[in-house]
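**Student:** Take a look at this one; I'll ask things after.
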Amino acid sequence: EGLAFVAIPDGLSELPAAGLWCFIFFAMLFALALDSSIAMLESWTTMLRDFGWEGDPNAPAFKRMKWIRRQDALVGSSCAVGCLISGLFVSRPGIYWFALWDAYVVWAVFIVVGIECVGVAYGYGAAKFSEEVRKGAGRAVPRFIQMCWSFITPFLCSVLA
């Protein structure tokens with residue numbers, strides 16, 4: 001079932017030098033998964049740092065271990081928690097956990113993105129946010145992007161969720 005793990009490898013196995021093409025294909029899938037994991041970890045730890053959950057620099061644990069930075073401890077503990085959670089998916093009933101996760105958790109991403117867009121467009125103000133982006137990036141935000149923040153993205157997220 002699926003394009004990436006059934007149909008494409010089957011087609012690649014018919015090519016000359018099939019082993020090479022299959023290796024390249026699965027190396028590409030691994031690189032995409034690694035990139036996605038790093039992006040998710042970076043966004044998670046950035047959010048935690050922005051909320052001040054990096055830890056108290058005067059805590060006894062940080063004073064004893066001067067060689068470790070607070071950011072390293074945050075990233076390491078986030079990776080450890082992610083590793084423990086992903087252990088569910090590689091256990092014997094892992095496919096069932098994956099089906100539950102896929103059916104009941106993944107759609108929440110659309111809701112979060114829709115709420116973020118509504119918050120930026122109407123809570124903070126799309127024009128005000130565009131001005132902040134222009135100041136930071138040195139370029140004006142196109143009017144179409146402001147329309148996406150205000151109407152198109154929240155609508156699509158509500159339809160897809």
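The values are calculated or read from the model by the stated rules, or taken from the named source; none is laboratory data. Nothing here was measured: the structure is a model prediction, and the numbers come from that model. For neighbour counting, all protein chains shown are included, and Cβ atoms are generated from backbone atoms with ideal geometry for every residue, glycine included. Quick note on the areas: whole protein, heavy atoms, side chains included, nothing else; ligands and nucleic acids left out. Shrake-Rupley method; radii C 1.70, N 1.55, O 1.52, S 1.80 Å.
**Student:** Can you tell which of 29, 48 is open to solvent by less than 70 Å² (accessible area, probe 1.4 Å), aliphatic (A, V, I, L, M), assigned to a helix (DSSP H, G or I) and modelled with pLDDT under 80? So that I can check it myself, show each step before the final result.
**Tutor:** Numbers: 29 fails: modelled with pLDDT under 80.
When all the criteria are applied, what remains is 48.
**Student:** Return the residues of the range 95-124 that are without any contact (Cβ under 8 Å) to a residue 40 or more places away in the chain and of a type outside the set (A, V, I, L, M, F, W, C); say none if nothing qualifies.
**Tutor:** Listed by number, the residues that qualify are 96, 102, 104, 116, 119, 122, 123, 124.
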